[in-house]
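Enquirer: This structure is in structure tokens; I'll ask about it shortly.
The values are calculated or read from the model by the stated rules, or taken from the named source; none is laboratory data. No experiment lies behind these values; they were computed from the predicted model shown. Backbone-built Cβ (ideal geometry, glycine too); neighbour counts: all protein chains shown. Just so you know, the surface numbers come from the protein's heavy atoms only, side chains and all, with ligands and any DNA or RNA stripped out. Shrake-Rupley method; radii C 1.70, N 1.55, O 1.52, S 1.80 Å.
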Amino acid sequence: MRHSGFPVLKNMYKYSAASQAEDCRFHQSTYRLLFIAAQSVTLTINENSHTLCGFGCISLPPNTTLLLHRKVNGGLQPIAEQLQMYVCDYEWTGEESSHDSPLTPVLAEQNPPILLEQASALFDLYENRLYNSLSQRLPVQARFLTLFADAWWALEQPASLSFTKPLDGIDRVISYLHTHYDRKIQREDAVAMSGLSLRQFTLSFKQRTGSTFTGYLNRIRVDKVKAILLQSRKSLNEVARQVGYTDEFYLSRKFKQVTGMSPTVYLRKPSKIASLDHACTLDLLSLGVTPCTAITDIWVNRRFRLSQASNSFQPIYWQTTPAERLQILRRVKPDIILYPLLEDDEYSQLEQFRQLGLVIQIPWRGVSWKQHFMHVAQITGMEQQARSWLGYFDHKAGQAREILHRTLNPQATIAMINVRSDRLLIYANGYMGADLLYDILQLTPPQAVKAMRVQGLEHPEFSIPQLSAYDADHYFVSIENNPAARQRAAAMMNSPEWLARTAVKRKCVYPVDMTKWYGYGPAALDAQLDEIMHDLLPNCPKKHESI
């Protein structure tokens with residue numbers, strides 16, 4: 001768990017399951033530390049479970065799902081009131097990512113709960129101070145660093161429980177090949193790295209990968225060549241050096257051995273594309289490219305009139321299991337599979353897809369929706385169509401911005417609230433319309449949201465008592481489509497804190513479809529813009545979705 005940077009607290013909140021009627025599910029896009037006290041609770045991370053009785057400190061890397069269940073009479077039952085949890089979301093600054101070992105989910109049990117007491121004291125200091133003056137923020141960060149150091153010491157002890165299976169010798173070699181394919185790698189070096197004999201290594205490697213060591217390395221390099229050729233205009237000589245081949249002639253020979261065709265012929269060959277990322281699906285469909293299969297939802301199907309029974313398109317939904325997704329991919333046989341960028345150590349998650357087609361990972365951290373769109377356009381050879389679409393949208397958004405600034409009160413504030421089954425979120429940057437509202441249309445957020453934008457926060461969680469900090473003249477509210485989220489929304493909207501809000505008193509609260517507003521891609525932003533104009537300017541006609 002080594003990192004060269006320093007952790008900076010981005011958000012903190014307290015959670016109690018006193019009124020929770022279901023299992024608790026947590027999923028975050030940031031690094032996270034949790035401090036939990038419970039009589040008996042079962043934690044499930046990466047399909048591994050552990051029962052915690054007392055106090056525990058958990059480190060979670062980004063995009064990790066944690067499920068909590070209370071154990072009663074030998075069975076797993078919904079959580080009751082015996083749960084207290086403090087959550088710290090943080091980020092690393094000044095780290096040298098190429099040298100840092102990726103974090104894995106780790107649990108440290110501790111009695112007495114000293115860390116819980118420290119987290120409680122930090123939360124008392126944190127409330128309403130993180131977004132104020134520097135003199136108020138620094139003590140919070142200093143206290144967090146102390147807590148972080150103590151928690152890290154506990155997590156690094158031998159008794160800590162890791163929720164990720166350590167790599168064995170063959171996995172270490174495979175991971176190294178995916179990371180350092182551009183280097184000169186001899187089989188003897190790989191054997192030494194595995195800790196096995198040559199015979200054991202040869203048999204185990206073939207059994208694990210279905211290929212010899214040399215064949216597997218060539219496949220990695222050729223797949224990388226394909227991805228580079230599709231995403232850049234580099235010469236074959238440049239590409240050869242980038243992937244570890246001596247020159248373009250050697251590259252072409254190896255490429256033909258693996259694929260049966262030359263790189264030039266490969267680029268001219270029509271490609272069937274699959275999208276395992278919602279944003280990529282929006283990008284493709286906005287370009288007029290219908291993937292053979294893709295992550296989709298009801299709104300996307302309706303917007304683009306996708307037939308669920310069509311032989312040319314097979315939908316994949318969020319609830320589609322991993323096994324079912326693989327079956328669909330095997331059936332449609334894609335040439336290219338678009339996938340969000342993962343950490344280098346997560347190669348094993350992609351190995352099953354790499355056997356079915358070329359996996360191209362699309363960066364999403366620190367990338368705007370326009371950059372993401374152009375990236376997908378470049379892969380499909382449709383850069384001109386993408387530029388035309390962006391020109392259309394920029395013109396439309398510019399006209400909308402002028403109308404809104406001319407019509408609305410210049411002091412009017414607007415906020416976007418999202419209600420999930422397990423939390424309330426306020427959006428400040430990027431997703432759920434925040435980019436559209438504040439960056440493109442240049443509308444005014446509440447002061448607290450403005451401070452979050454300065455901090456670079458995307459969508460911090462908040463509690464009903466904190467609603468007063470986000471008072472606005474207009475509210476857009478999206479609610480997750482499940483009973484728990486609707487129940488949470490009803491509780492919020494019946495609370496005195498909600499009824500006292502300016503937007504509520506002025507009847508300027510606009511419910512929006514979360515499936516539409518979840519989308520962070522061209523077609524979604526276009527539809528969100530239409531809805532914003534209709535809601536803020538009632539005389540503006542509402543557009544039909546199926547266009």
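Enquirer: What FRET efficiency would be calculated for the residue pair I228, L138, taking the C-beta separation as r and a Förster radius of 30 Å, to the nearest 0.05?
Expert: 0.10
Enquirer: Taking R0 as 56 Å, what's the FRET efficiency between E188 and S463 from their Cβ-Cβ distance, rounded to 0.05?
Expert: 0.40
Enquirer: What is the list of residues in the stretch 440-469 whose amide nitrogen lies under 17 Å from a point 7 angstrom out from the Cα of E91, following Cα to Cβ?
Expert: Of the residues in the stretch 440-469, 449-461 have backbone N under 17 Å from the label point off E91.
Enquirer: Rounded to the nearest 5, what % of the DSSP beta bridges within the chain are antiparallel ones?
Expert: Here the share of antiparallel DSSP bridges comes out near 70 percent.
Enquirer: For the pair L145 and Q327, how long in nm is the line joining their label points, each one 7 Å along Cα→Cβ?
Expert: Computed distance between label sites L145 and Q327 equals 5.4 nm.
Enquirer: Provide the FRET efficiency to the nearest 0.05 for the E156-W318 pair, computing r from the beta carbons and using R0 = 35 Å.
Expert: Calculated value: 0.50.
Enquirer: Are any of the pairs K184/K224; K396/K505; K184/K333; K226/K516; K224/K256 more than 25 Å apart by Cα-Cα distance, and if so, which?
Expert: K396/K505; K184/K333; K226/K516
Enquirer: Another one. Restricting to the stretch 393-547, compute how many DSSP beta bridges are antiparallel as a %, nearest 5.
Expert: The answer is about 35 percent antiparallel.
Enquirer: Further question on the same structure: Compute the Rg/Rh shape ratio of the stretch 142-262: radius of gyration over Kirkwood radius, all on alpha-carbon atoms.
Expert: That ratio equals 1.16.
Enquirer: If each Cα of the chain is one equal point scatterer, what is log10 of I(q)/I(0) from the Debye formula at q = 0.06, 0.07 Å⁻¹?
Expert: Here log10 of I(q) over I(0) equals -0.35, -0.48.
Enquirer: Once you keep just the Cα pairs under 8 angstrom separated by 6 or more residues, what percentage relative contact order results for the stretch 197-333?
Expert: Over the stretch 197-333, the number comes to 13 percent.
Enquirer: Please pull out the direction-averaged projected area of the stretch 312-414, using the convex hull of its alpha-carbon atoms, in nm² to one decimal place.
Expert: Seen from a random direction, the Cα hull of the stretch 312-414 projects 10.1 nm² on average.
Enquirer: Largest first and to the nearest Å, give the Cα extent of the stretch 274-331 along each principal axis.
Expert: Computed over the stretch 274-331, the largest-to-smallest principal extents equal 28, 22, 17 Å.
Enquirer: Could you tell me what percent of the DSSP beta bridges with both partners in the stretch 348-478 are antiparallel, to the nearest 5?
Expert: 50
Enquirer: OK, next. Rolling a 1.4 angstrom probe over the protein heavy atoms, how many square angstrom per residue are accessible across the chain?
Expert: Counting only protein heavy atoms, the per-residue value for the chain is 48 Å².
Enquirer: In Å and from the alpha-carbon atoms only, list the Rg and Dmax of the stretch 397-547.
Expert: 14.6, 41
Enquirer: Packing-wise, with mean Cβ within 10 Å as the measure, how do 404-415, 316-327 rank, highest first?
Expert: 404-415, 316-327
Enquirer: Hey, another quick one. Mind jotting down the three principal axis lengths of the stretch 215-350 based on Cα atoms? Whole angstrom, largest first.
Expert: Principal-axis extents of the Cα atoms in the stretch 215-350, largest first: 49, 31, 23 Å.
Enquirer: Full extension from D335 to R268: what is 0.36 nm times the residue separation minus their Cα-Cα distance, to one decimal in nm?
Expert: Here the answer is 22.8 nm.
Enquirer: To the nearest µm²/s, what D does Stokes-Einstein give for the stretch 424-486 at 10 °C and 1.306 mPa s, using the Kirkwood radius over alpha carbon pairs as Rh?
Expert: 128
Enquirer: Averaging sequence separations of C-alpha pairs under 8 Å and six or more residues apart, then dividing by the length of the chain, give the relative contact order as a whole percent.
Expert: 10
Enquirer: Under a crude label model (7 Å from the Cα following the beta-carbon direction), how far is D168 from H405 in nanometres?
Expert: 6.3
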